[in-house]
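J.: Sharing a structure, written as structure tokens. Questions coming.
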Amino acid sequence: MNRNRLFNLLAVLVMASLILTACSTPTPVEKIVEVTKNVEVTKEVEVIKEVKVTEAPAPKGPVTLVIWGEGITAGQLALDASADAKAQYAHMLVEGFQKENPDITVQFENHGWDEELRQNLVNAMLAGTGPDIIVGEGFFKNFAALGAMMPLQDIDLSNAIPGTYQGAELNGKVYGLASFTSVFGFERNCDVIAAAGLDCAKPPTTWDELLGQAEQINKAGAGNYYGYSLQGPAGFSMGSAFRLKVYLLQAGADMSKPDAETGLDYPYFNDPKAIPVYEFLRKLEKQSVPGLAFEPDEGKVYSQLFLGKSAYQMAGGWHVQWAKDTGCTNCQYSAIPLPPGGQAATVVVANVIYGILKTSKNPEAALKWIEYTQRDEVQALVFAANGRIPTTRTALEALRPSVDPATQAYIDLLLTGKNIQAMPQWVKNPQKVWQVYNDFLIKLFTTDTPVKELMDEAQAAAEEAVK
Amino acid sequence: MNSSLSIQPSGSLSLWERWQRYLRQHRDQTLAWTILTPILIYYFFFSIVPVLTNLVISFTDWNGFNAFHFVGLKNYFRFFEDKYYRQVFSNTAYFAVVSMVIGLPLGVIVALMLNQQIRARGIYRTLWYIPTVTSGAIISQMVIVFMAPYGGVFNLIVTGLGFKAVIWQTDVNALRNIILGYTVWKGVGSTIVLYLAALQGIPRELYEAAMVDGAGRFQRFWYITVPMLTNMTTFVFVTGIIGGFQIFEPIQLISRGGPFNSTNVVLNQIYNDAFKNLDFGIATSSATILALFLLFASMISMRAMRQGEAA
């Protein structure tokens, strides 16, 4: 009986070894000989491994630079650049760079954005198949803190707008640069404002004026149109938090403070300066399109203004083209209204940053490509390609005279804005912290609980989440 | 003639001859192992190895990038001590049990109705089964359209009837009921098919004999149909609970676990911890706890089923 079992086991092992041998890749015999014969060689191999993880050596000969880019540019690569001006930027990024660097082949891939991108990226990095360069907006500092990003050494930042790389800056080191960006301004539908009997040439400049006008428009609209489009808690989109942060910054408040230990962002949901901001938002929600604040589809929230359902909203730079495409011929733009004693401030949004992974096989080529994205001739093509705004001072100055007044206003914000910030990247458990903030907003807009009480409750929950 | 073979002492045979003789004597076993080996290897690498890796990671504070630091049972304690995870587990249990409590009787009732000789029975059966074979992503999208706070179908009906629009996304009870509705509606098709098969397996003679004895419709149902469906009920219950605890799609696509963590479930939080929070320690320990719980629940149910059969 035991003998039979032994034979059975032997048969299985023999077959398993045969299959595994057939499936395995051949091992270079020379390497084994070197390692087993010579102890010094073994040591050398270890040193090479170390270098590979921290700073990969520049490979000799032709290299393939794998870039995970954002979807619009990746899609435009399939278009003919000579026939479509929109495609020129994408082709410049790939073909223009390759022309200058004949030994580098650029492989520009689309792996989604936001959650999809992050999931693909984590999978790729765990499997050791990560690209050389990654794109993103809201996780560079987190990845840098984990030791996954390579700092951009000796890169010239004098021409870059600081707010655009703030999201990739940790403890004095910059881990990525934005290739294009946008900021928030204030948008209004003059048809709606005129229908309510107000003068569209005089947009609100203060929060009080905005609330007053929104109330008037609501009354005049009688359910057909409303004063404001406010995106509240939805759970799916960060769009709401982006815009609320602008109001917080204007009042000198914030939702985060630097974590002394890591340099990442620590939740600060009970900043006393934020109380009037949330009280203002609570009042503003009452003047907004009913139900719209809780709509998970961000596109649906902001297109209502173009469709004549609301008068005012906060808008990214891409809204200018979007409004035209949606048929709003009378949409205009101005500075975001300020609180009493407030300061102008904005947040970078749709800020497409590229950085180099520490596991990059071609870090020198990758750095070259990131520097290339900052050149004036490349940045000059951004606006035509996707309606977004360049990230360098010289490119913005060059673009300004050729664009419409609305886009000029956005460019001016970037060129002259003193307080342009990026969204926080939490010290730990970002999903749980954002969930806390989202729940706080739900209570803010659906209950009458005092704001201070809600903020303290949110702060306690956030501190628990980052423990 | 054959005796020369049989009396040949095995010690005088070469290893190859002994191997050949073994293969002849154990032809069936050899064939079985030959067929099974590839799938066993596949199973080993794609099931056993991941499960063991998961188990190892659950004892570490791995974030995907750092080296493994073993932290003992810390992650397991966290799961039970942290009220966030306790809420997640109780939400999961709630969805699993309540969807079963609603779905199982509903499945029986519909199966009994569809077992009648009615016109267009095939169409009704198909209609009930369509949600089961429809992609969860598509159904979720449909639910989102229905419950949209602005311009959603539910709110158009509510406001059309003269009531105030409801913000379903922020209403804990409403959203939990919507998730339950989704789960029951999508899962009841399988329950119906299983019960239909069981109903058709009940011998007609039993009913005829009961009718001869003067049993009414309810008595036939209670004393014949119900007992004959016991095994199927246990099977549906066990598989339903296992499936219910693995609820993920509607949470990920409809509610994201909110509001106030009230619809968050274990699988969704495993995904969040792994891919958003980069906390693989708690993600893998949650997965292990869920697996052990389901194993335990299945064992109890199977034992109950066996006892039922014996009785």
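J.: Over 14 Å from the mean Cα position of the chain (by Cα) and either touching a residue at least 24 places away in the same chain (Cβ under 8 Å) or part of a helix (DSSP H, G or I) (or both): is that true of B:Phe293 in this structure?
T.: no
J.: Something else now. Out of the stretch A:260-290, which residues are in a loop (DSSP other than H, G, I, E, B), within 12 Å of another protein chain (Cβ to nearest Cβ) and surrounded by 20 or more Cβ atoms within 10 Å (Cβ to Cβ)?
T.: Passing the criteria: only A:Val289.
J.: Let me ask you something else. Kindly list, by first and then second residue, each pair from a residue in the stretch A:100-129 that is in contact (Cβ under 8 Å) with a residue 60 or more places away in the chain to a residue that is among the hydrophobic types (A, V, I, L, M, F, W, C), limited to pairs with Cβ atoms under 6 Å and residues at least 6 apart or on different chains.
T.: What qualifies is A:Ile104/A:Val63; A:Ile104/A:Leu65; A:Ile104/A:Ala365; A:Val106/A:Leu65; A:Val106/A:Val94; A:Val106/A:Phe97.
J.: Let me ask you something else. Given the criterion hydrophobic (A, V, I, L, M, F, W, C) and under 30 Å from A:Trp113 (Cβ atoms), identify the matching residue among A:Ala201, A:Ala196, A:Ala160, A:Ala222. Break it down stepwise before answering.
T.: Values: A:Ala201 fails: under 30 Å from A:Trp113 (Cβ atoms); A:Ala196 fails: under 30 Å from A:Trp113 (Cβ atoms); A:Ala222 fails: under 30 Å from A:Trp113 (Cβ atoms).
The conditions single out A:Ala160.
J.: Another one. Among (1) within 16 Å of the chain's Cα centre (by Cα); (2) over 30 Å from B:Arg256 (Cβ atoms), which single condition is A:Cys200 missing?
T.: In the conditions (1) within 16 Å of the chain's Cα centre (by Cα); (2) over 30 Å from B:Arg256 (Cβ atoms), A:Cys200 misses (1) alone.
J.: Being modelled with pLDDT of 60 or more, over 28 Å from the mean Cα position of the chain (by Cα) and surrounded by 14 or more Cβ atoms within 10 Å (Cβ to Cβ) is the filter here, so list the residues in the stretch A:42-89 that pass it.
T.: Passing the criteria: only A:Val63.
J.: Ok, one more. For B:Leu175, are the conditions met, namely being buried (at least 18 other Cβ atoms within 10 Å of the Cβ) and either away from every other protein chain (no Cβ under 14 Å) or under 21 Å from B:Ile242 (Cβ atoms) (or both)?
T.: In short, no.
J.: Right, something else. Here are some residues: A:Ser402, A:Ser334. Which one is surrounded by fewer than 21 Cβ atoms within 10 Å (Cβ to Cβ), of a type in the set (Gly, Ala, Ser) and in the same structural domain as A:Val246 (by TED's automatic domain parsing)? First the steps, then the outcome.
T.: Details: A:Ser402 fails: in the same structural domain as A:Val246 (by TED's automatic domain parsing).
Within the list A:Ser402, A:Ser334, the selection yields A:Ser334.
J.: Tell me the residue from B:Ala67, B:Ala120 that is modelled with pLDDT under 95, farther than 26 Å from B:Gly240 by Cα and within 14 Å of chain A (Cβ to nearest Cβ), please.
T.: Numbers: B:Ala120 fails: within 14 Å of chain A (Cβ to nearest Cβ).
One residue alone meets the criteria, B:Ala67.
J.: Still on this structure: With the stretch A:296-415 as the region, which helices (runs of 4 or more DSSP H) entirely inside it contain at least 1 residues that are more than 29 Å from A:Leu157 (Cβ to Cβ)?
T.: Because the criterion is at least 1 residues that are more than 29 Å from A:Leu157 (Cβ to Cβ), the helices (runs of 4 or more DSSP H) in the stretch A:296-415 that meet it are A:298-306, A:319-325.
J.: Separate question: Within the stretch B:95-113, is there a residue that is under 22 Å from the mean Cα position of the chain (by Cα), among the aliphatic types (A, V, I, L, M) and over 30 Å from B:Phe221 (Cβ atoms)?
T.: No, there is no match, as no residue in the stretch B:95-113 is under 22 Å from the mean Cα position of the chain (by Cα), among the aliphatic types (A, V, I, L, M) and over 30 Å from B:Phe221 (Cβ atoms).
J.: Out of the residues in the stretch A:445-467 that are part of a helix (DSSP H, G or I) and not hydrophobic (A, V, I, L, M, F, W, C), which is farthest from the other protein chains (Cβ to nearest Cβ)?
T.: Looking at residues that are part of a helix (DSSP H, G or I) and not hydrophobic (A, V, I, L, M, F, W, C), I get A:Lys452.
J.: Counting just the residues of the stretch A:154-166 that are closer than 20 Å to A:Ser360 by Cβ and touching a residue at least 60 places away in the same chain (Cβ under 8 Å), which one comes out surrounded by the fewest Cβ atoms within 10 Å (Cβ to Cβ)? Full working, then the answer.
T.: Of all residues in the stretch A:154-166, those closer than 20 Å to A:Ser360 by Cβ come to A:154-155, A:165.
Applying the additional criterion that residues be touching a residue at least 60 places away in the same chain (Cβ under 8 Å) yields A:155, A:165.
Values: A:Ile155: 14, A:Tyr165: 25.
Only one residue tops the list, namely A:Ile155.
J.: Given the criteria buried (at least 20 other Cβ atoms within 10 Å of the Cβ) and among the small types (Gly, Ala, Ser), does B:Gly308 qualify? Give the derivation first.
T.: Values: buried (at least 20 other Cβ atoms within 10 Å of the Cβ): no; among the small types (Gly, Ala, Ser): yes.
Against the criterion (buried (at least 20 other Cβ atoms within 10 Å of the Cβ) and among the small types (Gly, Ala, Ser)), B:Gly308 does not qualify.
J.: Please state which one of A:Ile442, A:Ile420 is within 14 Å of chain B (Cβ to nearest Cβ), aliphatic (A, V, I, L, M) and crowded, with 19+ Cβ neighbours inside 10 Å.
T.: Answer to the selection: A:Ile442.
J.: Count, please, the residues in the stretch A:137-153 that happen to be part of a strand (DSSP E or B) and surrounded by fewer than 20 Cβ atoms within 10 Å (Cβ to Cβ).
T.: Matching residues across the stretch A:137-153 total 0.
J.: Can you tell me how many residues in the stretch A:102-136 are part of a loop (DSSP other than H, G, I, E, B) and surrounded by fewer than 16 Cβ atoms within 10 Å (Cβ to Cβ)?
T.: 5
J.: Out of curiosity, is B:Ala148 in contact with a helix residue (DSSP H, G or I) (Cβ under 6 Å, 6 or more places away or on another chain), without any contact (Cβ under 8 Å) to a residue 40 or more places away in the chain and either assigned by TED's automatic domain parsing to the domain that holds B:Asn261 or buried (at least 16 other Cβ atoms within 10 Å of the Cβ) (or both)?
T.: In short, no.
J.: Out of the residues in the stretch B:242-252 that are surrounded by fewer than 20 Cβ atoms within 10 Å (Cβ to Cβ) and among the hydrophobic types (A, V, I, L, M, F, W, C), state the one that is nearest to the other protein chains (Cβ to nearest Cβ).
T.: If we filter the stretch B:242-252 for residues that are surrounded by fewer than 20 Cβ atoms within 10 Å (Cβ to Cβ), which is where we start, we get B:242-243, B:246, B:248-249, B:252.
Those left that are additionally among the hydrophobic types (A, V, I, L, M, F, W, C): B:242, B:248.
Numbers: B:Ile242: 26, B:Phe248: 14 Å.
Among them, the one singled out is B:Phe248.
J.: Name the residues in the stretch B:86-123 that are of a type in the set (Ser, Thr, Tyr) and exposed (fewer than 15 other Cβ atoms within 10 Å of the Cβ), would you?
T.: Selection gives B:Ser90 alone.
J.: Sticking with this structure for a sec: Looking only at the stretch A:423-439, filter to residues that are charged (D, E, K, R) and more than 15 Å from A:Tyr268 (Cβ to Cβ); which one of those is nearest to the other protein chains (Cβ to nearest Cβ)?
T.: A:Asp439
J.: What number of residues within the stretch B:253-295 satisfy the criterion of being more than 7 Å from chain A (Cβ to nearest Cβ) and aromatic (Phe, Trp, Tyr)?
T.: Qualifying residue count for the region: 3.
J.: While we're looking at this one, here's another question. Any residue that is away from every other protein chain (no Cβ under 14 Å), loosely packed, with under 15 Cβ neighbours inside 10 Å, of a type outside the set (Val, Ile, Thr) and part of a helix (DSSP H, G or I) - is there at least one of those in the stretch B:183-198?
T.: Checking the stretch B:183-198: at least one residue is away from every other protein chain (no Cβ under 14 Å), loosely packed, with under 15 Cβ neighbours inside 10 Å, of a type outside the set (Val, Ile, Thr) and part of a helix (DSSP H, G or I).
J.: How many of the residues in the stretch B:12-43 are at the interface with chain A (Cβ under 9 Å from one of its Cβ atoms) and at pLDDT 95 or above?
T.: Of the residues in that region, 5 qualify.
J.: Might you let me know whether the stretch A:308-330 holds any residue that is within 14 Å of chain B (Cβ to nearest Cβ) and among the aromatic types (Phe, Trp, Tyr)?
T.: Within the stretch A:308-330, none of the residues are within 14 Å of chain B (Cβ to nearest Cβ) and among the aromatic types (Phe, Trp, Tyr).
The values are calculated or read from the model by the stated rules, or taken from the named source; none is laboratory data. Everything quoted here is computed from the prediction, not taken from an experiment. Reconstructed Cβ throughout: ideal geometry from the backbone, glycine too, with neighbour counts over all protein chains shown.
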